[in-house]
Structure formats: structure tokens, C-alpha cells
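Here's the structure we're looking at; comments come further down.
Just so it is clear, none of the values below were taken in a lab; they were calculated from the coordinates. Since this is a predicted model, take the numbers as computed values, not measurements. Here the Cβ positions follow ideal geometry from the backbone for every residue, glycine too, while neighbour counts run over all protein chains shown.
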Amino acid sequence: MVSSLLSLTLFAIAGALTPGPNNMISAASGAAFGFRRTLPQIWGVTFGFPIMILAVGFGLGGIFIAVPHLHVILKIIGAGYLLYLAWKIANAGGPHGSDPIARPLTVVQSALFQWVNPKAWTLALGVVPAFTTIGGDLVAEVLLIALVMGIVSFPALALWAGFGVVLARTLSNDRQRRIVNLIMAALVAASVVMLFV
């Protein structure tokens, strides 16, 4: 049990720290809006992703086997939403902006985004079969997986958001901040390519 918990934790850390849509959004949001205003996005992933794992663990993953085209539909929806977020970040006014276009994701928006985030689906569909056992206590195992993935998500996303904040703070004028917003928006948009590779 201890070795499988260690393996699960290492898997969770690797999944949480590697680049993907959630991490790019956290970094871009940190740069554009500041750390405090990015916290709702971080909390949304921290709670939303484990809920997805619970759903997959208790049978939702079978829908992808029965309806393979659903995965493609989710990719297209996810790609569209990421491009919309990239546009929002590119037009952000800065950490204290009040323009409606310059609002970071809310907890609910971020949690719901997990359902169209292909990296989240890939991780959820991979972690559940890898860390549950045949004949084991499925409920306890899935709850443990969801808990570990949720616990690891927060510091990983906070690290990415912090990176964005540090990057934005090293810039001395609005023009430089605008360039960083555009670069971060381009990175979020580039993560769309990862959906289809």
C-alpha cells in the first residue's frame, strides 16, 4: 500500500507539473491578473479535477469506449475554449484591470473546463485503471486517487501562477507587460496544438 501510494503521488506530481492547458492558464493568469486573482482558477482545478476522477472511477470512462467520437467532440470544444481564454489573456489590462475582458477564470469556470480539457481526461483515464486493483475496494481506491490528485494540483498550479507573477513583475512598463500577455496568450493558444498531437 505504501509503495502504491508513493507511485500514485509521483504520478500525480508528474501529471500536475508538466505543461498542459491548466498550467498554461495559471501562468498566463498569474502574469495578466496577479496571484490572488488567479486563485479561483487554481481552486477550480483543485476541486474540479478530482470530481472528474471520481466520475471516471465510478463508470463514466466507459462512455468513451462506447462512443469514441465523444473524445473528438470534447477536443474541439476544449480547443475553442482555450482560444477564447487566450484572447482574454491577450487583452488583459494587467493585475488590477477592471475591464470585463480582463477577468480571470472563476472557480466554477475552471472546474467545468476540466470536462473539456483533454490532458485532464488523459490523466483521469490513465490513473484510475493504473492505481485500482481487481477485487480491491474500488470506492476507497478511487477516493484516494482523487484526493492525491487534488492535493498535488494546488501547489503545482500555484507554482505556474507564481512563475507568471514573477515574470510580470520583472517588467517595468505597460508595453513590456502587454508583450508578456501576448506571449502567455500565445502559449495558451499553442496548447491547442497539443490537443490534436
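Assorted remarks:
- Residue among 84, 124, 45 farthest towards the positive dipole end of the chain, charges placed on Cβ: 84
- Estimated FRET transfer efficiency (residue 36, residue 147; beta-carbon r; R0 30 Å; 0.05): 0.70
- The string of couplings for the stretch 124-133 from the Karplus curve (6.51, -1.76, 1.60, θ = phi - 60°) is 5, 6, x, 6, 5, x, 5, 10, 10, 10 Hz, one whole number per residue in order, with x for Gly and Pro.
- Inter-probe distance in nm under a simple model that places probes 7 Å from Cα toward Cβ, at residue 179 and residue 10: 4.1
- Debye intensity ratio I(q)/I(0), log10, the chain, q values 0.08, 0.13 Å⁻¹ (C-alpha model): -0.27, -0.67
- Cβ charges +1 (Lys, Arg) and -1 (Asp, Glu), total dipole of the chain, debye: 680
- Label-to-label distance, nm, for residues given as residue 83 and residue 103 (7 Å Cα→Cβ offset): 2.4
- With the charge dipole of the chain set up from +1 on Lys and Arg Cβ and -1 on Asp and Glu Cβ about the Cα centre, the Cα lying farthest toward the positive end among the listed residues 167, 24, 152 is that of 167.
- Inter-label distance for residue 73 and residue 159, nm, one decimal - labels placed 7 Å from Cα along Cα-to-Cβ: 3.6
- Taking every alpha-carbon pair under 8 Å whose residues sit at least 6 apart, the stretch 2-195 reaches a relative contact order of 44 percent.
- The chain: most fluctuating residue of 105, 123, 138 per GNM, C-alpha cutoff 10 Å: 138
- Once the Cα atoms are used to define both axes, helix 138-169 deviates from the longest principal axis of the chain by about 10 degrees.
- Our helix-only sum for the chain, with -39,500 (n - 2.57) per DSSP H run of n ≥ 4 divided by its residues, gives a mean residue ellipticity at 222 nm of -26000 deg cm²/dmol.
- Electrostatic bookkeeping for residue 41 treats Lys and Arg as +1 and Asp and Glu as -1; over the other residues with beta carbon under 14 Å from its beta carbon, the sum is +4.
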